[in-house]
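Here is the structure we will look at.
The values are calculated or read from the model by the stated rules, or taken from the named source; none is laboratory data. Since we're looking at a predicted model, the values are computed, not measured. Counting neighbours? That spans all protein chains shown, and the Cβs are built from the backbone with ideal geometry, glycine included.
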Amino acid sequence: RLIALIGDAGKRLHTGRSRNDQVATDMRLYVRSAIDDLAMRITALRRALLDLAEAHAATVMPGFTHLQVAQPVTFGHHLMAYDAMLSRDAER
């Protein structure tokens with residue numbers, strides 16, 4: 001991909017670098033790409049959760065506290081909690 005972007009200079013990426021430097025660079029490039037892919041997938045998951053939460057905004061289910069049945073909540077509200085967690089984590 002680098003060669004396609006910058007031409008022949010991309011073939012000399014590891015010139016003058018140690019093997020450890022080359023491996024560290026490769027890992028950084030891979031992780032950057034993997035993070036972008038995961039971010040897109042998480043965004044798609046959040047959209048799906050929001051769509052499902054909207055569809056079940058009035059579907060009542062039991063809420064739980066410490067594995068005990070508690071105040072009733074809607075399934076949509078339950079799903080929104082997962083969206084809130086993903087949103088919070090994305091801000092970090």
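Looking at Ala57, Ala53, which one is in a helix (DSSP H, G or I) and among the aliphatic types (A, V, I, L, M)? Lay out the reasoning, then the answer.
Details: Ala57 fails: in a helix (DSSP H, G or I).
Checking each option against the conditions leaves just Ala53.
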Practice problem: Kindly check whether there is at least one residue in segment 64-72 that is in a helix (DSSP H, G or I) and of a type outside the set (Gly, Ala, Ser). | Solution: no
Quiz prompt | Some residue of segment 30-40 being surrounded by 11 or more Cβ atoms within 10 Å (Cβ to Cβ), in a helix (DSSP H, G or I) and charged (D, E, K, R) | solution = no
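Among the listed residues Ala24, Ala4, Ala39, Ala44, which satisfies the condition of being more than 27 Å from the chain's Cα centre (by Cα), at pLDDT 85 or above and of a type in the set (A, V, I, L, M, F, W, C)? Don't jump to the end; show me each part of the working.
Details: Ala24 fails: more than 27 Å from the chain's Cα centre (by Cα); Ala39 fails: more than 27 Å from the chain's Cα centre (by Cα); Ala44 fails: more than 27 Å from the chain's Cα centre (by Cα).
Ala4 is the lone residue from the list that is more than 27 Å from the chain's Cα centre (by Cα), at pLDDT 85 or above and of a type in the set (A, V, I, L, M, F, W, C).
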Self-check item: Conditions (1) exposed (fewer than 11 other Cβ atoms within 10 Å of the Cβ); (2) closer than 30 Å to Gln71 by Cα: number failed by Arg46
Solution: (1)
Quiz item: Considering segment 50-86 alone, what residues qualify as being of a type in the set (Ser, Thr, Tyr) and at pLDDT 95 or above?
Solution: Thr59, Thr74, Tyr82
